[in-house]
Each structure stands twice: as C-alpha cells, then as structure tokens.
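Asks: I'd like to ask some things about the structure below.
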Amino acid sequence: MSVNTVIKRITTNTLREMKQRGEKISMLTAYDYSIARIVDDAGIDAILVGDSASNVMAGHETTLPITLDQMIYHAASVVRGAKRSLVVADLPFGTYQGNPKLALKSAVRMMRESGVHALKLEGGEEILESVEKILSAGIPVMGHLGLTPQSINKFGTYSVRAKEDAEAAKLKKDIKLLEEVGCFSVVMEKIPAVLAAEATQSVSIPTIGIGAGNGCDGQVLVVHDMLGLNKGFKPRFLRQYLDLYTQISGAVQSYVGDVKSGDFPNTQEQY
Ligand code: KIV
C-alpha cells in the first residue's frame, strides 16, 4: 500500500448500509494496540473494547470491577491500532445507570480521552434516559440486550436469557425503544435464535449477536475466546479458531528449555 493511500473508516452509517444490503457485520473485541492492529488489518468491520477486559485482561470473575479510567486506557490503546474499523467502547458498570447526568459525563470522558467512535450501554427501558442524554451530545450509542453481564447479580447465572414469554416480550419492546431514541445498533447476547431473528427483522438498525444465532445482522466474539486463549471456556455458541493457549505454552516451554540448556542465545543472536 502506498503511503498516500487513504484508508476509508467504517462508520455507524456503514453498518446501517450493510444491514440494508444484507451484508453481515463482523465484530471482535480487542483491548490493546497489538491485537487491534491485527484484527483491523485482517478486515474486521468493528472492534468492541468490551468490559470483558475485566475478565480476560484483569482476571476478575465479573465485569463489575473495571473502572472508567481502566476502560479509557484500553480503548485509547485500541484506537491507536485500528485504522479502518469502527471502534466501540463499553461504558462500565456504575458510570451511567440511573443517572443521565453522570452518563453524559462518563460518555464525554470516554469519547474525549480515548478517541473511540461510539459507546455501548447495557439495558433497555431502564437506562433509556441515560441513552437519550448521551445521544443528545452527538455520541453514537449501541444497545445491549439479553444477557447483560453488568446485571449478573440480578440474574444469578450466565445462562440463556429470554426463554420465557415475558422476558422475550420485554426484549422486543426494548429493541424498538432503543431504535426509536436513536441507537445505531444493538448487541443481543445469549438469547434463543428465533427471538433474535424476530427482533432483528423488527428494526431497521443492525443487530449484532453473541450466542443469538444466525438471524442477526452481524456477530461478535471475545477475541481471547475465539483464539483459544481462555483455557477451558467452551460454551456452545463459541467457535474456537485457534488453540493459542497450547501454542503459547509450547513456545514458552521451548524457550525455557533453550535458556536452561545454554542453546539460546547462539552466536548469531548476539552482538
Ligand atoms: O464486553 C464484551 O465483550 C461484550 C460482548 C460479549 C458483547 O459486551
């Protein structure tokens, strides 16, 4: 590629157009510069700086402990690595729920300090005022329905959501509300495929599924999970493309062996 080549950035409008022409949207998480650069170069449409960083980067059991400052650090690192894809960051737990003024303050900090292009917030009707407030500042918002990990203490488990009629009806109402207030897209996590397909058809904005079947307009996975870095994590919805845990472990064992035996460094690997 010549130095003068202008890379066209994927925007929220691009995703909407993709839905209109029936082109599926690919999204993966990233939390740092190096992985963001790889997934961006490889042709991903959108990158999510998920608060799953709390799990896979920091080793917490839930997404609740991660702070806004920590999310901004991850998001700014990803933005530096992503030249083409749309970068969306999660607002973390406790920075927007039940307080539209705080939501706007958190959103402005994330946008200004990280340079991401859009934000994701978990919930439907109960967070609508916060969503509206953020949208009023010209900040694009992606919704997140179904299994919303920031509410894990309310749900009690990470099992499939909205299997019962009442919860399915609420999800269908919530997605319409999020569309009406102006969200550009909605993630649907771990819900029945039939429900996800119906919800997708009911709105003009693109839906991105994780554990929500093939009827969504796009798919997202946690990059550590699809690369096999998260040993032992094999839910049904996950397609694992590599076994990096085993590969990295093998490489480290070889290195340890080479150092111990005196084989590394050799004469070509010194000055
Ligand atoms: O934080 C995250 O990685 C997410 C995805 C699972 C959608 O919200």
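No value in this document is a laboratory result; all are computed from the given coordinates. Just so we're clear, the structure is a prediction, and the values are computed from it rather than from any experiment. We place every Cβ from the backbone using ideal geometry, glycine too, and count neighbours over all the protein chains shown.
Asks: Can you flag which of Lys120/Lys170; Lys19/Lys190; Lys8/Lys133; Lys176/Lys234; Lys133/Lys173; Lys133/Lys170 are past 26 Å Cα-Cα? Before the final figure, lay out each step's value.
Replies: Details: Lys120/Lys170 19 Å; Lys19/Lys190 21 Å; Lys8/Lys133 29 Å; Lys176/Lys234 32 Å; Lys133/Lys173 20 Å; Lys133/Lys170 22 Å.
Check vs 26 Å cut-off fails for Lys8/Lys133; Lys176/Lys234.
Asks: Next question, about the same structure. Ordered by residue, what ³J(HN,Hα) values in Hz, to whole numbers, does the range 46-58 give under the Karplus form 6.51 cos²θ - 1.76 cosθ + 1.60, where θ = phi - 60° and Gly and Pro are x?
Replies: Each residue's phi maps through the Karplus curve to give 9, 10, 9, 7, x, 6, 4, 3, 4, 7, 7, 9, 9 Hz.
Asks: Based only on Cα atoms, what Rg/Rh ratio does the range 23-82 have, Rh being taken as Kirkwood's radius?
Replies: In the range 23-82, Rg relative to Rh is 1.00.
Asks: With N residues in the range 26-136, what two-decimal value do you get for its Cα radius of gyration over 2.2 N^0.38 Å? Intermediate results must be reported in sequence, preceding the final value.
Replies: On the way: Rg = 13.4 Å, N = 111, 2.2 N^0.38 = 13.2 Å.
After normalising by residue count via 2.2 N^0.38 Å, the value is 1.02.
Asks: Non-local amide H neighbours of Ser185 (under 5 Å, H modeled in plane, Pro and chain starts lacking H): which ones?
Replies: The answer is Gly143.
Asks: If N is the number of residues in the range 111-166, what value comes out of its Cα radius of gyration divided by 2.2 N^0.38 Å?
Replies: 1.35
Asks: Over 14 Å apart: what share of the alpha carbon pairs of the range 75-139 falls there, rounded to a whole percent?
Replies: Details: 1095 of 2080 pairs.
Summing the P(r) of the range 75-139 above 14 Å gives 53 percent of all pairs.
Asks: Roughly how many nanometres apart are two label points built 7 Å out from the Cα toward the Cβ at Arg80 and Thr157?
Replies: About 4.3 nm, to one decimal.
Asks: Which whole number of Å³ per residue matches the convex hull of the alpha-carbon atoms in the range 190-271?
Replies: Dividing the Cα hull volume of the range 190-271 by its residue count gives 112 Å³.
Asks: Would you mind working out the magnitude of the charge dipole of the chain relative to its Cα centre, with +1 at each Lys and Arg C-beta and -1 at each Asp and Glu C-beta, to the nearest 20 Debye?
Replies: For this selection, approximately 360 debye.
Asks: In whole Å and largest first, what semi-axes does the C-alpha gyration tensor of the chain yield when each eigenvalue is scaled by 5 and square-rooted? Please list the in-between numbers first.
Replies: Values: eigenvalues 231, 93, 73 Å².
So the three semi-axes of the chain are 34, 22, 19 Å.
Asks: Related question: Volume per residue, Å³, of the convex hull around the alpha-carbon atoms of the range 125-226?
Replies: Cα convex hull per residue, to the nearest whole number: 109 Å³.
Asks: Still on this structure: Listed highest first by mean packing, meaning other Cβ atoms within 10 Å per residue, what order do 57-63, 89-95 come in?
Replies: Values: 57-63: 13.7, 89-95: 23.7.
Ranked by mean Cβ neighbours within 10 Å, highest first: 89-95, 57-63.
Asks: Only bridges with both residues in the range 78-231 count here: give the DSSP antiparallel percent, nearest 5. Spell out each step's value before the answer.
Replies: Numbers: 1 of 17 bridges.
Expressed as a percentage, antiparallel bridges in the range 78-231 total about 5.
Asks: Applying the Karplus parametrisation 6.51 cos²θ - 1.76 cosθ + 1.60 with θ = phi - 60° to the phi angles of the range 174-182, what ³J(HN,Hα) value in whole Hz is obtained for each residue in order, glycine and proline being reported as x?
Replies: So the J values, rounded to whole Hz, are 4, 5, 5, 4, 5, 5, 4, 6, x.
Asks: In percent, what relative contact order does the range 1-133 have, based on Cα pairs under 8 Å that are 6 or more apart in sequence?
Replies: 24 percent
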